[in-house]
1. Helix 120-131 sits at what angle to the longest principal axis of the chain, using alpha carbons and giving 0 to 90 degrees rounded to 10?
2. Could you tell me what percent of the accessible area of the chain is made up of carbon and sulfur, with a 1.4 Å probe and every protein chain present?
3. Can you flag which of Lys94/Lys147; Lys28/Lys124; Lys39/Lys157; Lys33/Lys147 are past 32 Å Cα-Cα?
4. How much mean residue ellipticity at 222 nm does the chain get from its helices, if each DSSP H run of length 4 or more adds -39500 (n - 2.57) and you divide by all residues, to the nearest 500 deg cm²/dmol?
5. If the elastic network links every pair of Cα atoms under 10 Å, which of Val166, Val41, Val192 fluctuates the most in the Gaussian network model of the chain?
6. Only four residue types carry charge here, +1 at the Cβ of Lys and Arg and -1 at the Cβ of Asp and Glu. Report the dipole size of the range 1-99 about the Cα centre in Debye, rounded to the nearest 20.
7. Could you tell me what fraction of 2.2 N^0.38 Å the Cα radius of gyration of the range 89-165 comes to, as a two-decimal ratio?
8. Give me the dipole magnitude in Debye, nearest 20, for the chain about the Cα centre, with unit charges on the beta carbon: positive for Lys and Arg, negative for Asp and Glu.
Amino acid sequence: MEGLVIMTNKLFFTFEGPEGAGKTTVLKMVVSKLQEEGKEVIATREPGGSVIAEEIRQVILNPAHTEMDAKTEALLYAAARSQHFVEKIEPALKQGKLVLCDRFIDSSLAYQGIGRGLGIEGVKSINEFAIGQRMPDMTILFDLDPKIGLARINAHKNREINRLDVESLAFHQKVREAYLKLAEEFPERIYVIDASQSLEEVFQNVWKVLKNAV
Ligand code: TYD
């Protein structure tokens, strides 16, 4: 067929995993490396990434909001995602830019679906309402024992502690299991990286996977 362009390169990448796994730092390192190679890339994060979504983030993560219902929490994450997606992610993808997003739908499936016990199906359906069928092309899962992750974040005194950080170790353990189950379910999309290694080793492993995809 004449004029048919088959796009094989992946554009939309998400970084997932627990607090303290180093994903935000590694994401910045990867962005620099991609830019050095002349790629057009945007880095963003959830919840947030746009003015409205950042305002929703303040409501969700405020440690004072102890009475927030789990369904309200899931809906707010989905609302922030919808706005972020329409305003920032989709336009960038349409322009052929690489998008690297710190957390996305898998966070909702793991934290709200399993951590909060709302169930994967319900959380998936509100997210489909928010973003349709557009899943990330590739997801890097930073796998880490939550004991190590929580110890790392407690060691960084000036890091903001949010409403989910203060959940029990059992909650974070459930989230880890949920992520690993998602990786088993979607092996063609989700790559698991051992995040207990040094930052440099984690970065090298992520880069190895990513450079072949872009
Ligand atoms: P943030 O400070 O960005 O965490 P981190 O540095 O660990 O990525 O806070 C985001 C918090 O929100 C984090 O505890 C995970 C949680 N979260 C969900 O529970 N569901 C979601 O859909 C998203 C995007 C984040």
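1. Helix 120-131 sits at roughly 50 degrees to that axis.
2. Ligands and nucleic acids excluded, carbon and sulfur give 54 percent.
3. Lys94/Lys147; Lys39/Lys157
4. Calculated mean residue ellipticity at 222 nm is -14000 deg cm²/dmol.
5. Result: Val166 has the largest fluctuation of those listed.
6. 280 debye
7. It is 1.34.
8. It comes to approximately 260 debye.
The values are calculated or read from the model by the stated rules, or taken from the named source; none is laboratory data. Quick caveat: nothing in here was measured; it's all calculated off a predicted structure. Here the Cβ is made from the backbone with ideal geometry for all residues, glycine too, and neighbour counts use every protein chain on show. Just the protein is used for accessible areas: all its heavy atoms, side chains included, with ligands, DNA and RNA removed. Shrake-Rupley method; radii C 1.70, N 1.55, O 1.52, S 1.80 Å.
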